[in-house]
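To keep things clear, I will list the structure first and then write my remarks on it.
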Amino acid sequence: MATLAQIVAEKAGITEAQAQMAVRAVADFLKEKLPEPVAGQVDAVLSADVSGVAGVAESVIKGLGGLMGGEKKE
């Protein structure tokens, strides 16, 4: 998540410590809202370690409906 925090800090014009707090808040929000198979992979994806997330794309697509206010597909 350090790389993402650096990007956020640069783009938002905030300190890296502030960006790390923002990234953590977003990650926690996503883990709370996404279905479990996807939520369990949030930290790995934000850390740019996508080796363990193969096969979750379908779960992401299904879960996004509920996240965006639509119906959550099972």
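Computed from the coordinates by the stated procedures, all read-outs in this text should not be read as laboratory data. Fair warning: this is a prediction, and the values are worked out from it, not measured in the lab. Positions of Cβ are generated from backbone atoms using ideal geometry, with glycine treated the same way; all protein chains shown enter the neighbour counts.
Measure off 7 Å from each Cα along the Cα-to-Cβ vector at residue 47 and residue 31, then give the distance between these two points in nanometres to one decimal.
Spacing of the two 7 Å Cα→Cβ label points: 1.1 nm.
How do 45, 26, 38 rank when sorted from fewest to most other Cβ atoms within 10 Å of their own Cβ?
Ordered from fewest to most neighbouring Cβ atoms within 10 Å, 45, 26, 38 come out as 26, 45, 38.
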